[in-house]
1. So for the stretch 16-23 (the condition being of a type outside the set (S, T, Y), over 15 Å from N86 (Cα atoms) and surrounded by 11 or more Cβ atoms within 10 Å (Cβ to Cβ)), does at least one residue qualify?
2. Inside the stretch 21-48, can you point out the residues that are under 14 Å from Y96 (Cβ atoms) and either modelled with pLDDT under 85 or of a type in the set (S, T, N, Q) (or both)?
3. Which of (1) farther than 30 Å from D97 by Cα; (2) modelled with pLDDT under 90 is the odd one out, the single condition P18 does not satisfy?
4. Filter the stretch 74-100 down to residues that are over 25 Å from L32 (Cα atoms) and charged (D, E, K, R) and give me whichever is modelled with the highest pLDDT.
Amino acid sequence: MRSHRIILVHIMPNILGPLIVILTSNFASAILTEAGLSFLGLSAQPPMASWGVMVNEGFGFITTEGGFYLVLFPSLCIALMVLAFNLFGNGLRDAYDPKTSTRSR
């Protein structure tokens, strides 16, 4: 019974912050991987909506007048989504990390 108390009271609160950051970073990495594979044509195929497919299709029209925007906007969406997940993970870590919480004495 004593080992369960040690795990719940001391170990779990200390690993919760880094665990949240790792989970959200892995999710952001999965978004980048899917977009990269879709761009190369190895994941979702063109009828299915994917930011990698959108960038790939826009890349074919890069020399036209509006082709730059067909690459820019999906790329910005990918970057903002990855940034949002990383910031979300860091915010949750700051909220749940027992070392950074301020306690009134």
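1. The answer is yes, given that some residue of the stretch 16-23 is of a type outside the set (S, T, Y), over 15 Å from N86 (Cα atoms) and surrounded by 11 or more Cβ atoms within 10 Å (Cβ to Cβ).
2. Matches in the stretch 21-48: T24 only.
3. Of the numbered conditions (1) farther than 30 Å from D97 by Cα; (2) modelled with pLDDT under 90, the odd one out for P18 is (1).
4. Pass one, the stretch 74-100, residues over 25 Å from L32 (Cα atoms): 95-100.
Those still in the list that are charged (D, E, K, R) too: 97, 99.
Numbers: D97: 70, K99: 67.
Residue satisfying both the conditions and the ranking: D97.
The values are calculated or read from the model by the stated rules, or taken from the named source; none is laboratory data. This is a predicted model, so every value here is computed, not measured. Glycine also receives a Cβ, built like all others from the backbone with ideal geometry; neighbour counts cover every protein chain displayed.
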